[in-house]
Structures are given as structure tokens and as C-alpha cells.
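Undergrad: Let me give you the structure first, and then I'll get to my questions.
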There are 2 protein chains.
Amino acid sequence: MAETADESFGGVTPDAARRLLLGAVDAFAERGFHATTTRDIAGRAGMSPAALYIHYRTKEELLYQISRVGHERSVVILQEAAAVEGGVADRLDFAVRTFVRWHAEHHTTARVVQYELSALEDGHYAEIVSMRRRTEEVLRGLLEDGVAAGEFTVSDVRGTAVAVLSLCIDVARWYRPGGPRTPEEIGALYAGLVLRMVGAPVPVAD
Amino acid sequence: MAETADESFGGVTPDAARRLLLGAVDAFAERGFHATTTRDIAGRAGMSPAALYIHYRTKEELLYQISRVGHERSVVILQEAAAVEGGVADRLDFAVRTFVRWHAEHHTTARVVQYELSALEDGHYAEIVSMRRRTEEVLRGLLEDGVAAGEFTVSDVRGTAVAVLSLCIDVARWYRPGGPRTPEEIGALYAGLVLRMVGAPVPVAD
DNA sequence: GTCTATAAGCCGATAGAC
DNA sequence: GTCTATCGGCTTATAGAC
């Protein structure tokens, strides 16, 4: 069903390693890590099962690479969007818009990144969790800035940041490419909802 | 880690079948369906692996029963809460508050119910999906009522209903019992956030 | 209804030829 | 670096005693 070539992994070399990684992304997103076989992954890359072990030590290492690169990408996307010029409401608007659009456009990668974490080895899991904390901190920082500037009214900054994050990442779970809304439209809708959640003054129309 | 005896399955008989079901809920919530072995489930119920097959034909049937009963319970919870006496803002407030609290209090069951669907057989999957539609319809109905009453301002009712649902069910993913907020507190916070999302007039304080 | 024992098959990973 | 062939182990599910 899904075979989104994902530019997040464009830099992976050699070619065979990248094809295996992309095959793993699609397979993990469709069936989940544990239901995916190494035969399936290798088959999607047009290779034999044994070839996988030339490029990756274990199946889990594939998931780890996907999680690591995917999280790096998503946190950079969010950080850069949150750092645009402008008032804090505009920055939150753009951050949510961009982050949501990424989760829709890269829903295959995002689904693995967000929902297959528990299959990681302990050490890898800990590393990824610390990357996720950075994502939450960016969002929390925006809310704190808005409250400090008197533009947002938020009683529980930490809890609200969690809620905003839920909204954004859950897009990866339900989004389907043929749906009635484009990633851009979902991003715009969600940015508006989040501005309301933080009590930002309403722009103009609705 | 989790061994929440869940009253959702209190009516399951005989006793051994219920113990197996509760063991499966905990195991599926911890590791996921595919990573859980029948030995693990049977062990949690204090039985041998073979005993499982006296009460359930397959491992998938356990997941199906959990999904079916869990969805029935959660949709009833939401429907009843959405039907309380009062204005539409109060009904939405109470519905979100109750639905969120259920997802926190029954996070083990809810995690399986919300995030292990893809492991169901095609026929079972279709049945569960149709139950999920009812949940979405209740929420959408509330938003439509609020717009019709002039109490809510929502540009995209369907999209906003999806967003509200995301917020609620994602609680089951991140909630941990020892956290800083009680289920009741999370429900109250989220109900407030949702009222803002739909443009309901602010009650009083914040 | 529950047990012990085991069948039948699939899985992750490796060996060794090319 | 990729293949074919295969190992050892674990899985779901069943057989048959009690």
C-alpha cells in the first residue's frame, strides 16, 4: 500500500542499504516491527534475506536507524519553524503548521517513528526518548514565551504542550493520502486550533 | 509493570477465560500483540499454554474480544456523557472530561483498543472500525449542535472532531499512573482546551 | 478443563560458494 | 556484496493422558 520514497533517508549509502531502509520503513508502517519479517524487508529492496545482514547487524538496527534519523529530522523541522521571525503567536502558528504537515506528508516514516518505539533495545530506546524530550521542550518554550509576552493564557503549560504534541503526532496514525484534506490544509486547521487552545487573540475571520 | 484488573471484563465467564483475557490485555499493552506469546498470556493467568485454546480458538480471538468489549465500553461512556442534561458547551465539557478520564484510568485496555487494531483479522477489523465510527459521530454531533446553537465557532466540524478525538485517545499512549496529574485533572484540563478549540465562550477564570 | 508433550512451520541470523 | 542453502530456536496450535 505505502511505498513513499522518503527524502529523510536520501543520504544513506550505499544504495542497497538505503533500499533496505526504505523497505523497512514501509513494512514497519504497514504491519508493525514485530509482524514484519526480514524476508519481507529484503524482498521490498529486491534482495535476498541474507543481504540484509551485510548492511545491518539485526532487524532492530533497521528500526533504530529509522527512529534516529526520523526523530532528528522531525525535531529540526520543528525547531527551525519555531525560530522564524515574528511574534510568538506567528511562531507557534508556523511551528504547528509545519510539524503537522511533516507528519502528514511523511506519515509512513512518522508512523514508525512515533508508534514503534517500544520495539527498540533498551539503550537505543533511551537515546530516542531523550531526542523526544527536545521536541517537547521546543513546544513548551513557545508556550512559555507566549505567556511571558502576555499573548497566551495557559494555566498548565506542560500539560498543554503534551496535548498539542498529541494533536500533531496523531496525524501520522490516521492520515491517508487520498483523504479529503491536503497536508497543508490539515496544518492550517491544526495551527488555528492550537492558537485557540493557548488563548491567543483571534486573528480575523473564521 | 501493568496489572490493572479492568472492570470492563468483569462479566466474562468462566473465571479462567477472564483471567486469560486480563493477562492478554496487560501483555498486549506492554509489548504489543505480535511480540506477545501465548505462553506469556497463559503464564499471567497461572495456566499452561494449552489451556488458552480451551477458551479461545486463537491468539487473535483474544485481541478481538478485548477490542470489541473495550470499544463497546468506551463508546457507551462517551455517548452517556454527551447526553447529560444541560447546554451544549456543558455536554461537550462533560463528554471530553469523561472520555479522557476513561482513557487515563483504563490506559492499559485503551492502549490495546486504540493501538493494536491492525493485528485483527480482516472481518474483525471491519467490525471494530464501524464501532469507531460511532465514537466519531457522537463527537461530531456535539460540535454540530454547538454550531447550530450559535455557541461554537468551528470552520471544519469533521476535521475538528478528528482533532478532539486525537487529543483524547492519545492519552492512553502517554499516560503513566505515577505521573503528576490524576486522570480527573487531565480530563478537566483537556475539556477546557477543547472548549477553546471550538470557540466556546470562556466560562470565568483560568 | 487442565496438564505434559510435541507437531509443524516460520523466524532471525549464519555459512560458504561465487 | 549478493546469492542459495540451512541451522537452531521459538511460535502457535494440537494430541492425548488424567
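The values are calculated or read from the model by the stated rules, or taken from the named source; none is laboratory data. Please read all numbers here as calculations on a predicted model, not as lab measurements. When we count neighbours, we look across all protein chains shown, and the Cβ atoms used for this are built from the backbone with ideal geometry, even at glycine. Just the protein is used for accessible areas: all its heavy atoms, side chains included, with ligands, DNA and RNA removed. Shrake-Rupley method; radii C 1.70, N 1.55, O 1.52, S 1.80 Å.
Undergrad: If one computes the Cα centroid of the range B:56-85 and of the range A:18-67, what distance in Å separates the two points?
TA: 34 Å
Undergrad: Hey, another quick one. Go ahead and collect, in residue order, the members of the range A:51-92 whose backbone nitrogen is under 18 Å from a label point 7 Å along the Cα-Cβ direction of A:Asp15.
TA: Those under the cut-off are A:51-52, A:54-55.
Undergrad: If you average 1/r across every pair of different Cα atoms in the range B:10-56 and take the reciprocal, what Kirkwood value do you get, in Å?
TA: 10.4 Å
Undergrad: I'd like the distance separating the alpha-carbon centroids of the range A:172-198 and the range B:167-197, in whole Å.
TA: 20 Å
Undergrad: What does the charge count near A:Cys168 come to, summing +1 for each Lys or Arg and -1 for each Asp or Glu among other residues with Cβ under 12 Å from its Cβ?
TA: Residues close to A:Cys168 contribute a combined charge of 0.
Undergrad: For the protein assembly as shown, give the percent of accessible area contributed by carbon and sulfur heavy atoms, probe 1.4 Å, rounded to a whole number.
TA: 52 percent
Undergrad: For the protein assembly as shown, I need the span (max minus min coordinate) of the C-alpha atoms along each principal axis, in Å, sorted largest to smallest.
TA: The Cα atoms of the protein assembly as shown stretch 59, 57, 38 Å along the principal axes, largest first.
Undergrad: Can you give the angle from 0 to 90° between the axis of helix B:122-148 and the longest principal axis of chain B, with both taken from C-alpha atoms, to the nearest 10?
TA: 20 degrees
Undergrad: Here's a follow-up. Measure nothing but the geometry: give the 0 to 90° angle between the long axis through the Cα atoms of A:59-82 and the longest principal axis through the Cα atoms of chain A, rounded to 10°.
TA: It works out to around 20 degrees.
Undergrad: When every alpha-carbon pair in the range B:59-197 is counted, what percent end up more than 19 Å apart?
TA: 50 percent
Undergrad: Output the peptides B:107-116, A:37-46 sorted from most to least packed, where packing is the average of other Cβ atoms within 10 Å over each peptide's residues.
TA: Top of the packing list down: B:107-116, A:37-46.
Undergrad: Right, something else. Report the residue of chain A with the smallest Cβ-to-axis distance, using the rotation axis that brings A onto B, in whole Å.
TA: A:His34, 2
Undergrad: Going toward the positive end of the dipole of the protein assembly as shown, with +1 on Lys and Arg Cβ and -1 on Asp and Glu Cβ, which of A:Trp102, B:Gly32, B:Phe99 do you reach last?
TA: Comparing the listed Cα positions along the dipole, B:Gly32 ranks first.
Undergrad: On to the next question. What does the copy distance list look like for A:Gly179, label position 7 Å along Cα→Cβ, in nm and ordered from shortest?
TA: 2.3
Undergrad: Using a label position 7 Å from Cα in the Cα→Cβ direction, what is the ascending list of nm distances from B:Gly10 to the same site in the other copies?
TA: When each copy's label point is compared with this one, the spacings are 5.8 nm.
Undergrad: Just want the answer: with Cβ charges of +1 for Lys and Arg and -1 for Asp and Glu, which residue in A:Ile77, B:Gly123, A:Gly43 is farthest toward the dipole's positive end in the protein assembly as shown?
TA: Of the candidates, A:Gly43 comes out farthest on the positive side.
Undergrad: So between B:Glu7 and B:Glu72, what do we pick up on full extension, going 0.36 nm a residue minus the alpha carbon distance?
TA: Contour length minus the Cα-Cα distance gives 22.1 nm.
Undergrad: First measure r as the distance between the Cβ atoms of A:Gln79 and B:Tyr53, then evaluate 1/(1 + (r/R0)^6) with R0 = 41 Å and state the FRET efficiency to the nearest 0.05.
TA: Efficiency at R0 = 41 Å is approximately 0.20.
Undergrad: On to the next question. What accessible area per residue comes out for the range A:99-206, rounded to a whole number of Å², with a 1.4 Å probe?
TA: Result: 41 Å² per residue.
Undergrad: Tell me the angle of helix A:183-197 to the major Cα principal axis of chain A, expressed in degrees between 0 and 90 and rounded to the nearest ten.
TA: The two axes meet at around 40 degrees.
Undergrad: Right, here's the next one. Work out the mean other chain Cβ neighbour count within 10 Å for the residues of A:42-50 and drop it here as an integer.
TA: Partner Cβ neighbours, averaged per residue: 0.
Undergrad: Quick check: convex hull over the Cα atoms of the range B:130-190, volume per residue in Å³, rounded to an integer?
TA: It comes to 103 Å³ per residue, whole-number rounded.
Undergrad: Another question about this same structure. Which value in nm describes the separation of the simple spin-label points at B:Trp174 and A:Glu61, placed 7 Å from the Cα toward the beta carbon?
TA: According to this spin-label approximation, the distance is 3.3 nm.
Undergrad: Of A:Leu165, A:Gly150, A:Gly187, which is farthest along the charge dipole of the range A:119-206 in the positive direction, counting Lys and Arg as +1 and Asp and Glu as -1 at C-beta?
TA: A:Gly187
Undergrad: Measuring from a point 7 Å out along Cα→Cβ, what nm distances, shortest first, does B:Gly150 have to its partners in the other copies?
TA: 3.3
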